[in-house]
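These notes are about the structure you will find just below.
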Amino acid sequence: MPEIWQKKRGSYMTENKSKKLPKFDSTEELVDFFDTHDLGEYEENLPEVDFDVDIKRKHYLVSVEGNLMNKLLEIAQEQQVSVEMLVDSWLKEKIIKAS
């Protein structure tokens with residue numbers, strides 16, 4: 001199987017000399033640092049990681065008429081849930097009643 005992510009070749013790699021990554025006392029400091037710095041400049045200092053992604057759930061997009069969506073948003077906000085959770089819950093209830 002071909003490699004999906006490949007390192008850039010040529011002059012880019014020679015220009016991109018890795019800088020030494022500073023030490024951070026907190027995650028907040030790390031986030032603040034990379035808000036103003038390019039992560040690519042510190043590539044050599046980053047640990048290599050491997051992980052598997054096993055997506056078992058599927059999500060589908062469904063069109064909803066504008067006025068209906070506005071009402072759904074209003075109800076979801078009142079119930080302090082996302083519109084997705086609200087619609088999912090209502091559809092499950094409707095399917096159970098129909099079975």
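Things worth noting here:
Conditions (1) of a type in the set (D, E, K, R); (2) in a loop (DSSP other than H, G, I, E, B); (3) at pLDDT 90 or above, marked per residue:
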residue: K7; (1), (2), (3): yes, yes, no
residue: K20; (1), (2), (3): yes, yes, no
residue: E28; (1), (2), (3): yes, no, yes
residue: L68; (1), (2), (3): no, no, yes
residue: A76; (1), (2), (3): no, no, yes
residue: V87; (1), (2), (3): no, no, yes
residue: W90; (1), (2), (3): no, no, yes
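- Segment 30-62, subset part of a loop (DSSP other than H, G, I, E, B) and in contact with a helix residue (DSSP H, G or I) (Cβ under 9 Å, 6 or more places away or on another chain), residue farthest from M85 (Cα to Cα): L46
The values are calculated or read from the model by the stated rules, or taken from the named source; none is laboratory data. Computed from a predicted model, the values in this text were never measured in an experiment. Every residue, glycine as well, gets a Cβ built from its backbone with ideal geometry; the counts of neighbours run over all protein chains shown.
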